[in-house]
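Undergrad: Structure incoming, see below.
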Amino acid sequence: MSSISRLSLRMGMGMGASAGSSSSAGAASRLAVISRHLSTSPAAAKESKGATTPASPTKMSAPHEDVVLFESHQNARVYKLNRPSKLNSANQEMIDVLAAKLKNWRELESVKVIIGTGDNRAFCAGGDVKQLVLDLKAGKQTSLPFFKSEFELNWLLGRLGKPYVAVIDGVTMGGGAGLSLPAAIRIATPRTIFAMPETKIGYAPDVGANYYLSQLDGAVGAWLTVTGQELYGRAVYDLGIATHYVTPNLLPEIIHQITQLESPTVPLIANIVSSYTAAATPTTSESSSKTSPDGPTPIKGEIREFLDKTFGLKSIGEIDAALSKAVDNEKLSAEVREWAKTQKDIMSQRSPTGMAVALVNHRKAKEARRLDRSLLNDISMATAFCGSKRATEDFITGVSAVLIDRSKSPTSWIPAKLSDPLLAPSTINQNFFSSSSGHLVDRPTLEFQPASASKLDSGRDSTWGQFRKYGLPSEESVRAAVDGYAPGSGAFALKEQELVEQFVDAAGQVKGTRREEVEGRVREVVKKHCKKDKDGYLDWKS
């Protein structure tokens with residue numbers, strides 16, 4: 001979903017249908033929209049019949065109101081989200097049209113690679129939630145059908161069965177994360193702004209994002225989901241959300257190179273994009289921020305150590321208490337104390353319930369290590385936020401304050417205090433996720449297509465651990481190599497240079513900036529987490 005950038009986003013067509021008596025009419029309307037989109041070009045007609053893809057690029061003859069545009073290039077297919085006035089925020093029509101086309105592309109052997117794009121302002125700013133709340137206030141239930149469609153699309157994107165590339169140039173938030181995180185190759189630029197800002201509007205991150213964010217280093221994922229903090233440019237790459245970082249002027253050439261591949265594979269595509277890696281600006285000493293997106297992430301060193309310790313705690317109340325204590329702790333550096341104060345100030349503006357739910361849901365994703373389970377938890381959570389027997393009014397309160405009324409006053413969250421017993425993890429779990437919860441009576445049933453290859457909760461997802469594979473090395477991947485349980489790592493202890501060479505070799509034919517970054521990241525992790533014996537062999541610190 002389900003996110004919002006900082007703008008008030010209006011809903012497009014397809015969101016006016018209510019639950020109950022109008023559901024059939026809404027479904028018929030969506031079917032008509034899909035049919036119109038999928039039949040407006042000769043190329044689309046040929047694809048639906050399984051015809052051979054033409055050698056020359058073709059575009060759908062899309063009228064100005066089409067919310068997604070499609071292109072064919074050799075064996076490649078490109079979708080372009082097309083609601084520029086709304087920062088490409090996702091509405092029901094966009095989800096339905098994109099899902100139908102992706103299902104078609106998934107089945108066609110002639111389609112070898114899929115590329116997702118937006119424009120230079122936004123990939124996708126999130127779900128278009130304003131109308132959902134207006135409908136709830138009017139007694140109409142459009143939220144749950146929207147979430148059901150969105151989460152089923154998120155599953156489909158994670159099961160395309162062929163290389164998927166997401167160009168996250170510009171604003172990429174909430175629902176935009178749900179569209180892009182399943183991609184094996186995720187390309188950021190200095191214009192990228194990434195966030196999961198749902199707690200700003202009385203909600204919590206969904207769209208399966210926790211499955212991916214829980215694969216970030218330490219407690220970085222928990223911090224992002226709870227606070228809704230924005231990441232800019234290079235920080236999106238440094239922290240592992242993007243696999244690559246390039247300058248925007250190179251995107252057309254990169255996309256062209258990918259579309260010309262006769263037999264595209266993810267490693268081959270990764271090598272192509274890596275060759276365009278943007279070098280860090282030598283004169284940039286300032287950390288990554290809105291005004292300095294090309295700077296390195298500030299989440300490192302003492303700040304990262306403090307983040308892991310604090311946002312690794314089990315409850316929002318504990319996190320808030322730790323931040324309060326840190327602000328006046330003179331044993332901590334001034335930099336850490338200031339960072340702690342900033343986080344505390346941010347959390348004071350967020351929905352306490354939203355943050356508590358976000359933390360519990362993130363921990364569940366990290367424990368389950370399954371995309372299907374994460375999405376099922378998301379639909380339970382969404383139902384508890386906006387179903388007929390909802391557990392809280394914070395979603396309506398938050399969207400009303402931020403998007404509808406545009407209020408400058410503090411939002412009146414209930415409960416208001418982070419120490420409230422209603423926010424205890426056990427209570428949150430019972431109200432928002434338990435099958436016995438009275439708040440989930442109208443929870444929709446998600447239909448996962450294609451079906452999962454393994455039984456629910458039978459072990460980790462087959463894609464678990466792959467999220468960071470083509471980006472900078474994760475701490476977990478370095479640890480696996482040091483401890484000897486990474487594929488191909490061998491049973492012998494490694495010295496630092498041997499470890500570096502192993503990761504450089506695994507990265508493929510990378511040179512220049514990308515090679516330097518891979519080597520630098522491995523050495524950084526070794527310095528932080530490893531010790532050396534007298535002969536220089538590495539051992540991971542417990």
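Undergrad: Over the Cα atoms of the range 253-374, what Rg and Dmax result, in angstrom?
TA: Taking only Cα atoms of the range 253-374, I get Rg and Dmax of 20.1, 60 Å.
Undergrad: Something else now. Show 69, 499 ordered by accessible area, largest first, where the area counts protein heavy atoms only and the probe is 1.4 Å. Numbers along the way, then the final one.
TA: Details: 69 50, 499 0 Å².
Ranking 69, 499 by accessible area, largest first, yields 69, 499.
Undergrad: List the relative contact order of the range 230-344 as a percent without decimals, with contacts defined as Cα pairs under 8 Å and 6+ residues apart.
TA: Numbers: 101 pairs, mean separation 27.9, N = 115.
Relative contact order comes out at 24 percent.
Undergrad: For the chain, return all DSSP H helices satisfying: extent of Cα atoms along own axis at least 18 Å; mean Kyte-Doolittle hydropathy at least 1.0.
TA: Taking the DSSP H segments of the chain (at least 18 Å long, mean hydropathy at least 1.0), we get none.
Undergrad: Mind running the shape call on the range 333-417? Use the C-alpha gyration tensor, a ≥ b ≥ c as the square roots of the eigenvalues: rounded below 1.5 for a/c, prolate if a/b tops b/c, oblate otherwise.
TA: Oblate, since a/c reaches 1.5 and b/c is not below a/b.
Undergrad: Could you pull the accessible area for residue 232 with a 1.4 Å probe, rounded to 10 Å²?
TA: 40
Undergrad: Suppose accessible area is computed on protein heavy atoms with a 1.4 Å probe; arrange 146, 448 from highest to lowest. If you can, show how the numbers build up before the last one.
TA: Working: 146 0, 448 40 Å².
From most accessible down to least: 448, 146.
Undergrad: Let me check against my output: what whole-number percent is the relative contact order of the chain, with C-alpha pairs under 8 Å and at least 6 apart?
TA: This gives 14 percent for the chain.
Undergrad: With label points built 7 Å along Cα→Cβ from the Cα atoms of residue 119 and residue 138, find their separation and express it in nm.
TA: 2.7
Undergrad: Right, here's the next one. For the chain, build the convex hull from the C-alpha positions and give me its volume per residue in Å³.
TA: Working: hull volume 83.4 nm³, N = 542.
That works out to 154 Å³ per residue.
Undergrad: Further question: Let me spell out the model: positive unit charges on the Cβ of Lys and Arg, negative unit charges on the Cβ of Asp and Glu, origin at the Cα centre of the range 109-231. What dipole size does that give, in debye rounded to 20?
TA: Working: 11 positive and 11 negative charges, 27 e Å.
With only Lys, Arg, Asp and Glu charged at Cβ, the dipole is about 120 debye.
Undergrad: A further question on this structure: For residue 389, give me every one of the lysines with a C-alpha distance below 24 angstrom, ignoring sequence neighbours fewer than eight places off in its own chain.
TA: The qualifying lysines are 130, 137, 140, 148, 200, 364, 417.
Undergrad: Moving to a separate point now. Assign unit charges at the C-beta atoms only (+1 for Lys and Arg, -1 for Asp and Glu), then state the dipole size of the chain relative to its Cα centre in Debye, rounded to the nearest 20.
TA: Working: 66 positive and 58 negative charges, 129 e Å.
So the magnitude is around 620 debye.
Undergrad: Would you kindly find the accessible area of residue 373, with a 1.4 Å probe and non-protein molecules such as ligands, DNA and RNA excluded, rounding to the nearest 10 Å²?
TA: Accessible area of residue 373: about 60 Å².
Undergrad: On to the next question. For the chain, which whole percent of the accessible surface, found with a 1.4 angstrom probe, sits on carbon and sulfur atoms? Write down the numbers at each step before the final one.
TA: Numbers: 11700 of 22550 Å².
Answer for the chain: carbon and sulfur cover 52 percent of the accessible area.
Undergrad: Starting from the residue with the highest accessible area, list 417, 140, 331 in decreasing order, probe 1.4 Å.
TA: 331, 417, 140
Undergrad: OK, next. Accessible surface of residue 345 in the full protein assembly, 1.4 angstrom probe, to the nearest 10 Å²?
TA: Residue 345 has an accessible surface of roughly 70 Å² with all protein chains in place.
Undergrad: Amide H to amide H under 5 Å from residue 127: which residues, 5+ apart in sequence or cross-chain, H placed 1.01 Å off N in plane?
TA: Under 5 Å from the amide H of residue 127 lie the amide H atoms of 2, 3, 90, 175, 176, each far enough along the sequence or on another chain.
Undergrad: So for the range 472-540, if I pair up every lysine 8 or more residues apart or on another chain, how many of those pairs have alpha-carbons under 24 Å apart?
TA: Working: 495/511; 495/527; 495/528; 495/531; 495/532; 495/534; 511/527.
Step by step, the pairs that qualify in the range 472-540 add up to 7.
The values are calculated or read from the model by the stated rules, or taken from the named source; none is laboratory data. Since the structure is predicted, the reported quantities are computational estimates derived from the model, not experimental observations. All Cβ positions, glycine included, derive from the backbone under ideal geometry; neighbour counts span all protein chains shown. Protein only, heavy atoms only, side chains kept; ligands, DNA and RNA dropped before computing areas. Shrake-Rupley method; radii C 1.70, N 1.55, O 1.52, S 1.80 Å.
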